[in-house]
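Colleague: Take a look at the following structure, please.
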Amino acid sequence: MVTDLDEIARIFGQIAVNAAVPIMDFFNSDGEARRKTDGSPVTDADLASERLILKALASEFPDIPVVSEEAASEGHFPEVNQRFILVDPLDGTREFARRRTEFAVNIGLIDHGIAVAGAIYAPALGQLWLGGSVALSIRIAPGAMLNDELNSRKISVRTAPTGHLKAVASRSHPDRQTGEFLDRLAIEERVSAGSSLKFCLVAEGQADIYPRFGPTMEWDVAAGDAILRAAGGIMVAGDGSPFHYSKPGYHTGAFVALGDPSLIKSVF
């Protein structure tokens, strides 16, 4: 069984890159989004990506249970232990359905309540992010074979500038509490982004903070959390306490992703 976190992240990355092939086929077609029972959108691309990912994970990690968004929406929750995988086969379905490029495939490994390895792939951008013991950004096309030595660079968070923070927030899911949280901080610039790419902006040092107080699921954040941690950042609960996974129903609750961990002192 593979135990090296960087190798696990790499395997996740290759699976995500492969799953992007049917996603981009649908993206370039005339398919439309439908509504699930909870009101959230789903497309044929979500389902095709999930089928491919679940098959690949079952082959690569047969002993690790997988919680995946679309299966969970149908009530299929496997019994999990301290180690399990969270999958969002198409994060940012609203962006996808609107033919925007800010959507991604998310795969993250949880170990004892912590996100320890993850991959986020934005196929319309041709950009892959990996997080294990280190964080990488890799240029790669959908379906291509992953070679970490080509078109890759190590990424890390930046030291927060005093009084001049840059915040990133959701483009499609703004909420009052998040806005109020940011209003009381020394935020010089706010940018909006879709899907889990907000984590990548913080991990790459392009932003300092990403708060979210609106509804979110653990499969939305696990991969980004792992990448952020590998890049030197941290994700905490909305009150500044440690963030842990395997909550009831896999709801995240409020959280704040920080590039520079020292920001905890000034933010909370």
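Colleague: Can you tell me which residues in the stretch 7-20 are of a type outside the set (Gly, Ala, Ser) and surrounded by 17 or more Cβ atoms within 10 Å (Cβ to Cβ)? Outline the logic, then answer.
Modeller: At the first step, the residues of the stretch 7-20 found to be of a type outside the set (Gly, Ala, Ser) are 7-8, 10-12, 14-15, 17-18.
Selection gives ILE8, ARG10, ILE11, PHE12, GLN14, ILE15, VAL17, ASN18.
Yes/no matrix, rows are residues, columns are (1) under 18 Å from ALA223 (Cβ atoms); (2) crowded, with 20+ Cβ neighbours inside 10 Å; (3) modelled with pLDDT under 95:
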{"site": "GLU79", "(1), (2), (3)": "no, no, yes"}
{"site": "ASP91", "(1), (2), (3)": "yes, yes, yes"}
{"site": "ASN106", "(1), (2), (3)": "yes, yes, no"}
{"site": "ILE110", "(1), (2), (3)": "yes, yes, no"}
{"site": "GLY113", "(1), (2), (3)": "yes, no, no"}
{"site": "MET145", "(1), (2), (3)": "no, no, yes"}
{"site": "LEU150", "(1), (2), (3)": "no, no, yes"}
{"site": "SER156", "(1), (2), (3)": "yes, no, no"}
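Colleague: Follow-up. Taking ASP111 as the residue in question, decide whether it is within 18 Å of ALA9 (Cβ to Cβ) and under 11 Å from the mean Cα position of the chain (by Cα). Don't jump to the end; show me each part of the working.
Modeller: On the way: within 18 Å of ALA9 (Cβ to Cβ): yes; under 11 Å from the mean Cα position of the chain (by Cα): no.
In short, no.
Colleague: Grab the strands (runs of 3 or more DSSP E) fully contained in the stretch 177-239, keeping just those with 3 or more residues being out of contact with any helix residue (DSSP H, G or I) (no Cβ under 6 Å at 6 or more places or on another chain) and farther than 21 Å from VAL87 by Cα. Show your work before the answer.
Modeller: Details: elements: 187-193, 209-212, 234-237.
In the stretch 177-239, the matching strands (runs of 3 or more DSSP E) lie at 187-193.
Colleague: Within the stretch 93-117, track down each residue that is within 24 Å of PHE26 (Cβ to Cβ) and in contact with a helix residue (DSSP H, G or I) (Cβ under 8 Å, 6 or more places away or on another chain). Steps first, please.
Modeller: Going through the stretch 93-117, the residues within 24 Å of PHE26 (Cβ to Cβ) turn out to be 93-108.
Answer for the stretch 93-117, where residues must be within 24 Å of PHE26 (Cβ to Cβ) and in contact with a helix residue (DSSP H, G or I) (Cβ under 8 Å, 6 or more places away or on another chain): THR93, PHE96, ARG99, THR101, GLU102, PHE103, ALA104, VAL105, ASN106, ILE107, GLY108.
Colleague: Scan the stretch 56-70 residue by residue and report those that are within 16 Å of GLY108 (Cα to Cα) and without any contact (Cβ under 8 Å) to a residue 60 or more places away in the chain.
Modeller: Here is the first cut: in the stretch 56-70, the residues within 16 Å of GLY108 (Cα to Cα) are 56-58, 60-70.
Result: ALA56, LEU57, ALA58, GLU60, PRO62, ILE64, PRO65, VAL66, GLU70.
Colleague: May I ask you to list the residues in the stretch 233-268 that are closer than 15 Å to ILE110 by Cβ and either assigned by TED's automatic domain parsing to the domain that holds LEU86 or charged (D, E, K, R) (or both)?
Modeller: If the condition is that a residue be closer than 15 Å to ILE110 by Cβ and either assigned by TED's automatic domain parsing to the domain that holds LEU86 or charged (D, E, K, R) (or both), then LYS247 is the only one that fits.
Colleague: Same structure again: Could you tell me whether the stretch 153-168 includes any residue that is hydroxyl-bearing (Ser, Thr, Tyr) and not in a loop (DSSP other than H, G, I, E, B)?
Modeller: First, pick out the residues of the stretch 153-168 that are hydroxyl-bearing (Ser, Thr, Tyr): 156, 159, 162.
Now restrict to residues that are not in a loop (DSSP other than H, G, I, E, B): none.
Scanning the stretch 153-168, I find no residue that is hydroxyl-bearing (Ser, Thr, Tyr) and not in a loop (DSSP other than H, G, I, E, B), so the answer is no.
Colleague: Mind checking which pairs have a first residue in the stretch 249-268 that is of a type in the set (S, T, N, Q) and a second that is at pLDDT 95 or above, Cβ under 9 Å, 6 or more apart or different chains?
Modeller: Every condition considered, the pairs that remain are THR252/MET217; THR252/GLU218; THR252/ASP220; THR252/VAL221; THR252/ALA237; THR252/PHE243; THR252/TYR245; SER262/THR159.
Colleague: Which one of these does ARG99 not meet: (1) touching a strand residue (DSSP E or B) at 6+ places or on another chain (Cβ under 9 Å); (2) surrounded by fewer than 16 Cβ atoms within 10 Å (Cβ to Cβ)?
Modeller: With (1) touching a strand residue (DSSP E or B) at 6+ places or on another chain (Cβ under 9 Å); (2) surrounded by fewer than 16 Cβ atoms within 10 Å (Cβ to Cβ) applied to ARG99, the lone miss is (1).
Colleague: Restricting attention to the stretch 229-248, does a residue exist that is under 18 Å from GLU69 (Cβ atoms) and in contact (Cβ under 8 Å) with a residue 60 or more places away in the chain? Even if it seems obvious, please write down each step before you answer.
Modeller: Quick first cut of the stretch 229-248, residues under 18 Å from GLU69 (Cβ atoms) only: 245-248.
From what is left, the residues that are in contact (Cβ under 8 Å) with a residue 60 or more places away in the chain are 245-246.
Yes: one or more hits.
Colleague: If we keep just the residues of the stretch 192-220 that are without any contact (Cβ under 8 Å) to a residue 60 or more places away in the chain and closer than 17 Å to ARG94 by Cβ, which is nearest to the chain's Cα centre (by Cα)?
Modeller: LYS198
Colleague: Quick one: which residue in SER262, SER246, SER266, SER195 is surrounded by fewer than 17 Cβ atoms within 10 Å (Cβ to Cβ), in contact with a Phe, Trp or Tyr (Cβ under 8 Å, 6 or more places away or on another chain) and not charged (D, E, K, R)?
Modeller: Details: SER262 fails: in contact with a Phe, Trp or Tyr (Cβ under 8 Å, 6 or more places away or on another chain); SER266 fails: in contact with a Phe, Trp or Tyr (Cβ under 8 Å, 6 or more places away or on another chain); SER195 fails: surrounded by fewer than 17 Cβ atoms within 10 Å (Cβ to Cβ).
None of the others qualify; the one that does is SER246.
Colleague: Being of a type in the set (Gly, Ala, Ser) and over 17 Å from ALA144 (Cβ atoms) is the filter here; which residues of the stretch 10-30 pass it? Write out each step before concluding.
Modeller: Of all residues in the stretch 10-30, those of a type in the set (Gly, Ala, Ser) come to 13, 16, 19-20, 29.
The answer is SER29, and nothing else.
Colleague: Only one of ARG229, ARG212, ARG190 is surrounded by fewer than 19 Cβ atoms within 10 Å (Cβ to Cβ) and among the basic types (Lys, Arg); which? Explain how you work it out, then say what you get.
Modeller: Numbers: ARG229 fails: surrounded by fewer than 19 Cβ atoms within 10 Å (Cβ to Cβ); ARG212 fails: surrounded by fewer than 19 Cβ atoms within 10 Å (Cβ to Cβ).
That would be ARG190, the only listed residue that is surrounded by fewer than 19 Cβ atoms within 10 Å (Cβ to Cβ) and among the basic types (Lys, Arg).
Colleague: In the stretch 8-48, which residues are at pLDDT 95 or above and small (Gly, Ala, Ser)?
Modeller: Those that are at pLDDT 95 or above and small (Gly, Ala, Ser): ALA9, GLY13, ALA16, ALA19, ALA20.
The values are calculated or read from the model by the stated rules, or taken from the named source; none is laboratory data. Just so we're clear, the structure is a prediction, and the values are computed from it rather than from any experiment. With ideal geometry, Cβ positions are generated from the backbone for all residues, glycine too; neighbour counts draw on all protein chains shown.
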